[in-house]
């Protein structure tokens, strides 16, 4: 990331631009984590309704992976915000 001064969050235009910038940080990872959690929920539904042979651990592991990805994305976004506020 290039050295930029921290955004002026008291200016509404700069605040809106910074919010948009934060929305784009690790967006793929955040959306991917939601997708993985949806797959885990579908697996749990399939196990409950149509395919009881699937061990319960499988959907739980998939959902846990999705949660782990989301926590990772939150950590990356928080670190980005901290660096940006420092002006790094």
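Quick note: the coordinates plus some simple rules give every number you see, no bench work behind them. A quick note: this is a predicted structure, and the numbers were derived from the prediction, not measured.
Its relative contact order, with pairs defined as Cα atoms under 8 Å and 6+ residues apart, puts the chain at 45 percent. Computed from the Kirkwood radius of its Cα pairs, the Stokes-Einstein diffusion coefficient for the chain at 4 °C and 1.567 mPa s stands at 85 µm²/s.
Estimated purely from DSSP H runs of n ≥ 4, each contributing -39500 (n - 2.57), the mean residue ellipticity at 222 nm for the chain is -26000 deg cm²/dmol once divided by its residues.
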